[in-house]
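Structure, as structure tokens:
The values are calculated or read from the model by the stated rules, or taken from the named source; none is laboratory data. Keep in mind the model is a prediction, meaning the values are calculated, not measured. Backbone-built Cβ (ideal geometry, glycine too); neighbour counts: all protein chains shown. Accessible surface is based on the protein model in full, side chains and every heavy atom, while ligands, DNA and RNA are left aside. Shrake-Rupley method; radii C 1.70, N 1.55, O 1.52, S 1.80 Å.
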Amino acid sequence: MEQLDFVYRHVYFAYLMASRPQTLTGLVDSPVGLAAFLLDHDAASLAMISRSFAGEKEGLTRDDVLDNITLFWLTGTAVSAARLYAENKNSFFGVKGVALPVAVSVFPDEMYRAPKSWAEQAYPNLVHYNKLPKGGHFAAWEQPELLVNEIRSGLRSLR
């Protein structure tokens, strides 16, 4: 419950993108506005991104961050990326009942870290559950090697 309470207090970006994604047109008018929006996703991600600008060698580099902002800017896709939140009609944290084989990897800096008991209810055919030592909401970007190893481990039983 503490995790859910925290998430609901800190995901206003998601509420804005879900309720009024087209009002985010400022994200395609100003590269500085886009950068501010992307950098302030959540507290853990902001801390991770800030480390890269402080010269720490863990996770992302300054170029990684600037490349990501540039990719959104040059393609003009910030608003269309927000539409995912508007078009999703499912509960964010409700049990899903997915019958396909599912692997769940829990990264410690994610805003919501799914407990195994929840994952087992949400995914009756849970074939892999693991808690990772580092990584957050943008694990594919921040910790690609860990994520690839998790995908391999998680799906190995399906070969």
- Message: Given a 1.4 Å probe and heavy atoms of the protein chains only, how would you sort 74, 27, largest accessible area at the top?
- Response: 74, 27
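For 151, 49, write out the residues from largest to smallest accessible area, computed with a 1.4 angstrom probe and no ligands counted.
Working: 151 90, 49 5 Å².
The ordering from most to least exposed comes out as 151, 49.
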- Message: Per 0.36 nm of contour for each residue apart, how much would the distance between residue 116 and residue 74 grow if the chain were fully extended, relative to their Cα-Cα spacing?
- Response: 11.1 nm
- Separation between the residue 57 and residue 140 pseudo-spin-labels, each 7 Å from Cα along Cα→Cβ, expressed in nm? 2.8 nm
- Message: So if I take the centroid of the Cα atoms in the range 81-159 and the same for the range 63-79, what is the distance between those two points in Å?
- Response: 25 Å
- Task: Report the dimensions of the range 25-114 along its three principal axes from the alpha-carbon atoms, largest first, rounded to Å.
- Result: 41, 33, 20
- Item | Options 112, 88, 154, ranked by Cα towards positive dipole end of the range 88-159, top entry (Cβ charges) | 154
- Query: Which FRET efficiency value, to the nearest 0.05, do you get for residue 47 and residue 127 by plugging their Cβ-Cβ distance into 1/(1 + (r/R0)^6) with R0 = 22 Å?
  - Reply: 0.10
- Among 57, 96, what's the order by accessible area (1.4 angstrom probe), most exposed first? 57, 96
- 13 Å beta-carbon shell around residue 51, net charge (K/R +1, D/E -1): -2
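What order do you get for 129-139, 58-68 when each peptide is scored by the mean count of other beta carbon atoms within 10 Å, highest first? Before the final figure, lay out each step's value.
On the way: 129-139: 17.0, 58-68: 14.5.
Final packing ranking: 129-139, 58-68.
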